[in-house]
Amino acid sequence: MVSPAGPPPPLSSFEEPVEALVVGASRGIGLAFARRLAATPGVGTVWAGCRSPGASDALVSLADADERVQPVVLDVTDEDSLAAAAETIGARARPLNLVINCAGILHGPEQMFPERRLREIRPDWLARAFQVNATGVVLLAKHVEDLLPRRARAVFASLSARVGSIGDNRLGGWYAYRASKAAQNMLIRNLSIELPRRARGALAVALHPGTTDTDLSRPFQASVPQDKLFPADRAARQLLAVIDGLEPPDNGGFFAWDGRPIPW
C-alpha cells in the first residue's frame, strides 16, 4: 500500500474518468470528500448523497460552482431512498468506480450519547447505532452493487472507527458505537468476498479517519492533542491516498488514515 504522506496524487490507480459516490456529503468528512474529489484530476461525476441536499448551503454552493457535483437524496436508513438514488445514478452515469460511505452516528436525538457504563445502555440507542453504522452500510452496498464495473478497478470504502476494533479495545464503554462499528467491519469483510464475484476489480475496505474536527467528534475533543485532531479536508486527503494505494491483497482490510492495518 502507498503511504498517504505528502500531497495527494490524482487517483492514478483508477481508469478515467473516475465516477464517485460520496454518502453523507452534506457536511464533515463527506463534504470534504466531495470537494476533494471535484478538485482531483481525472474525476468525472461526483454524486453527493445525503438525506436533504438542499438543506446544506455548503453542498449547494459546491454543486453550483461545479456541474460535475450532483447532489442526490440518499438516506442509508431508508431502503426506498437507496433504491431511488441507485436508479438515478444508474440512468445518468457511467459505472461507479468509487463509493465512499461517511454516514455514521455517535450521538444525536433523544439525548443519545456514548455509554460509559452498563446502566446507561438503552435498547433504542443500540438499535439506532446499528441501523446507521451497520445495516445502512450493507443496504448501500446492496443497491450500488449493480452500478460497479464488471472488470475495472472499483473501491467500496466505508468509514469505520478504531474503537470498533475488538482486538484494540482496552477501555470499554461506548457500547452502541463500538458494537455497531465492529458489526460494520464484519459486513465489509463479507462484501469483500462477494463483490468481486460480480465485479472482478472490486475491493471493499473499512477506513479509520482519525479524530476529525466534525460535529460527530466535537463533544469529545477536549482530551485530543492538537496534532491528532484533523481538519476534515486533511482527513479526506489522507484517506483518498490510502484508497488510491490499495492493492488486491488489501481487499477486506481495515486501515487507518496513515495506511496502517488495524486489528479486527
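Look at region 88-114 and say how many of its residues are part of a strand (DSSP E or B) and within 20 Å of the chain's Cα centre (by Cα).
Number satisfying all stated conditions: 5.
Which residue pairs have Cβ atoms under 6 Å apart, sit 6 or more places apart or on different chains, and have a first residue in region 120-136 that is without any contact (Cβ under 8 Å) to a residue 24 or more places away in the chain and a second that is crowded, with 16+ Cβ neighbours inside 10 Å and in a helix (DSSP H, G or I)?
Filtered contacts from region 120-136: no entries.
Would you call residue 25 open to solvent by less than 20 Å² (accessible area, probe 1.4 Å), of a type in the set (Gly, Ala, Ser), within 20 Å of residue 239 (Cβ to Cβ) and touching a Phe, Trp or Tyr at 6+ places or on another chain (Cβ under 9 Å)?
yes
For (1) of a type in the set (D, E, K, R); (2) part of a helix (DSSP H, G or I); (3) at pLDDT 90 or above; (4) more than 23 Å from residue 136 (Cα to Cα), each residue gets a yes or a no:
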{"site": "182", "(1), (2), (3), (4)": "no, yes, yes, no"}
{"site": "189", "(1), (2), (3), (4)": "yes, yes, yes, no"}
{"site": "200", "(1), (2), (3), (4)": "yes, no, yes, yes"}
{"site": "207", "(1), (2), (3), (4)": "no, no, yes, no"}
{"site": "227", "(1), (2), (3), (4)": "yes, yes, no, yes"}
{"site": "233", "(1), (2), (3), (4)": "yes, yes, yes, yes"}
{"site": "241", "(1), (2), (3), (4)": "no, yes, yes, yes"}
{"site": "255", "(1), (2), (3), (4)": "no, no, yes, no"}
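So how many residues does region 146-167 have that are outside any loop (DSSP other than H, G, I, E, B) and either within 18 Å of the chain's Cα centre (by Cα) or crowded, with 20+ Cβ neighbours inside 10 Å (or both)?
So the count comes out to 10.
Here are 48, 85, 34: which of them is under 17 Å from the mean Cα position of the chain (by Cα), assigned to a strand (DSSP E or B), crowded, with 16+ Cβ neighbours inside 10 Å and not polar (S, T, N, Q)?
48
Please find, among 72, 60, the residue that is touching a Gly at 6+ places or on another chain (Cβ under 8 Å) and more than 26 Å from residue 230 (Cβ to Cβ).
Of 72, 60, the one residue that is touching a Gly at 6+ places or on another chain (Cβ under 8 Å) and more than 26 Å from residue 230 (Cβ to Cβ) is 72.
All but one of (1) part of a loop (DSSP other than H, G, I, E, B); (2) touching a Leu at 6+ places or on another chain (Cβ under 7 Å) hold for residue 134, so report the exception by its number.
(1)
Given the structure, is residue 28 closer than 27 Å to residue 210 by Cα and either touching a Ser or Thr at 6+ places or on another chain (Cβ under 6 Å) or modelled with pLDDT under 95 (or both)?
yes
The values are calculated or read from the model by the stated rules, or taken from the named source; none is laboratory data. This is a predicted model, so every value here is computed, not measured. A quick note on method: Cβ atoms are made from the backbone with ideal geometry, for glycine too, and the neighbour counts reach across all protein chains shown. Side chains are part of the model used for accessible areas, which takes the heavy atoms of the whole protein and leaves out ligands, DNA and RNA. Shrake-Rupley method; radii C 1.70, N 1.55, O 1.52, S 1.80 Å.
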